[in-house]
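For reference, the structure discussed in these notes is given below.
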Amino acid sequence: MKNEIYASTGDFTGMANGYDYTVIKEIAPKLRCDGIELMLYPAWYADFENIISTIASYGANIPVIHFDKCIGIHLAEHTAEDLAEAKRKFTLNVWAAKRIGAKKAVFHLWGGKNSDIFIERSLKFLPDFYRECDEAGIELLIENIPARYHGPFSNWCRVREVCPDARFIYDTRFGEFHAEHGLIMHRGLWGRVKHIHISSFERGKMEIWGLIRPILHPGEGCVDFRALVADMPKYEHSVTLESPVLSKNGEIDVEKLNHSLDYLAELFGGKA
């Protein structure tokens, strides 16, 4: 297997440092990986175009963008106001992807307290979302985030029925939580997985639906990554480490981040 290895900006930006996008300029050059995945936050909308343009000016390699998770929550709420907001934010996120040069976009189709209860309603918007991304040269990838009613794999099957050319992004933490590693890798959809998120968790620690925390690094939690990769069908795309190194007081542990990136390079191939 040979894949590009990325680090999520969510590893070192968040509430603890006020979602400070300026740290990307300092941290990105220190990372032993092939690029970064940019996490978009609701806190940025007040000055969105300026923030995205500033990030673009840093010159970092950003092949993947993670669309605002709240878009899926708006879809799940399904009020007229929420649907309008989902569409507005989706278009802004597509613009951001084009502005920074990303080619893949991670998308949460459902979320929040309603989770996937109204998945059939949300699916109606997918063809337009795919069309918007296709026109921008961006590959839209649906993530297997926790699902309360149907399960992520079942929802992926629904997505494929609506959009036969749909592509997906596989998160190992969520796959472990739902016990769906085997389903996703061996039940006909693996060829549609074009990106992977890597993180783990400690079973029983805040393992409430939708709150699988703390988010841990490979080797710290219950996901057996060597066994997972050994069972994985051929995969030659990209992998992002999505395990935070941001402390409660805002300090960033670059050494720990690089240690985990080195481990992923060993498992999957990459720069390190």
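What's the Kirkwood radius of the range 199-272 in Å, using all Cα pairs?
On the way: mean 1/r = 0.0733 Å⁻¹.
Roughly 13.6 Å, rounded to one decimal.
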*With runs of 4+ DSSP H residues as the only contributors, calculate the mean residue ellipticity of the chain at 222 nm using -39,500 (n - 2.57) per run, divided by the residue total and rounded to the nearest 500.*
-11000 deg cm²/dmol
*For the range 1-140, projected area of the alpha-carbon convex hull averaged over all directions, nm²*: 9.3
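Relative to the present Cα-Cα distance, how much length would full extension add between K25 and A46 at 0.36 nm per residue of separation? The partial results should precede the final answer.
Details: separation 21, 0.36 × 21 = 7.56 nm, distance 2.08 nm.
Stretched fully, the K25-A46 segment lengthens by 5.5 nm.
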*Across bins of 5 angstrom width beginning at 0, how are the C-alpha pair distances of the range 52-95 distributed, in whole percent?*
5, 21, 24, 18, 12, 10, 7, 3
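When the dipole is taken about the Cα centre of the range 4-268, and only Lys, Arg (+1) and Asp, Glu (-1) are charged at their Cβ, what size is it in debye, to the nearest 20?
380
Once the mean 1/r over all distinct Cα pairs of the chain is inverted, what Kirkwood radius in angstroms do you read off? Intermediate results must be reported in sequence, preceding the final value.
Numbers: mean 1/r = 0.0535 Å⁻¹.
In the chain this quantity evaluates to 18.7 Å.
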_Using only alpha-carbon positions, what ratio does the radius of gyration of the range 1-42 give when scaled by 2.2 N^0.38 Å?_
1.23
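What is the local net charge at R192, summed over the other residues whose Cβ is closer than 10 Å to its Cβ (Lys, Arg +1; Asp, Glu -1)? Display every interim value, and only then the final one.
Working: positive: R160, R167, K194; negative: D165.
Net charge around R192: +2.
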*First select every other residue whose beta carbon is under 15 angstrom from the beta carbon of N144; then total the charges, Lys and Arg +1, Asp and Glu -1.*
+3
*Give me the distance in nm between label points sitting 7 Å out from Cα along the Cα-to-Cβ direction at I215 and R187, one decimal.*
2.5
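Find how much the distance from T79 to A179 grows on full extension, using 0.36 nm per residue of separation minus their present alpha carbon separation; answer in nm with one decimal.
On the way: separation 100, 0.36 × 100 = 36.00 nm, distance 3.23 nm.
Full extension from T79 to A179 adds 32.8 nm.
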*Among 156-166, 193-203, how do they line up from the highest to the lowest mean number of other beta-carbon atoms within 10 Å?*
193-203, 156-166
_I'd like the antiparallel share, as a percent to the nearest 5, of DSSP beta bridges with both residues in the range 4-268._
15
*asked:* I want to make sure I understand the PRE zone here: with the label point 7 angstrom from the Cα of Y149 toward its beta carbon, which residues in the range 193-219 have backbone N atoms less than 20 Å away?
replied: 209-211
*For the range 141-161 and the range 76-114, what is the separation of their C-alpha centers, rounded to whole Å?*
17
*In a Gaussian network model over the chain where Cα atoms closer than 10 Å are linked, find which of K89, K113, K98 has the largest mean-square fluctuation.*
K113
*So, with +1 on the Cβ of K and R and -1 on the Cβ of D and E, and no other charges, what is the size of the charge dipole of the range 1-145 about its Cα centre, to the nearest 20 debye?*
260
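Given the pairs K2/K234; K25/K89; K69/K256; K2/K194, which are separated by over 20 angstrom at their Cα positions? Don't jump to the answer; show the numbers that get you there.
Working: K2/K234 10 Å; K25/K89 25 Å; K69/K256 26 Å; K2/K194 13 Å.
Beyond 20 Å: K25/K89; K69/K256.
Read-outs: derived from the displayed coordinates by stated rules, not from any lab. Computed from a predicted structure; not experimentally measured. Cβ coordinates were reconstructed from backbone atoms using ideal geometry, including for glycine residues, and neighbour counts include every protein chain displayed.
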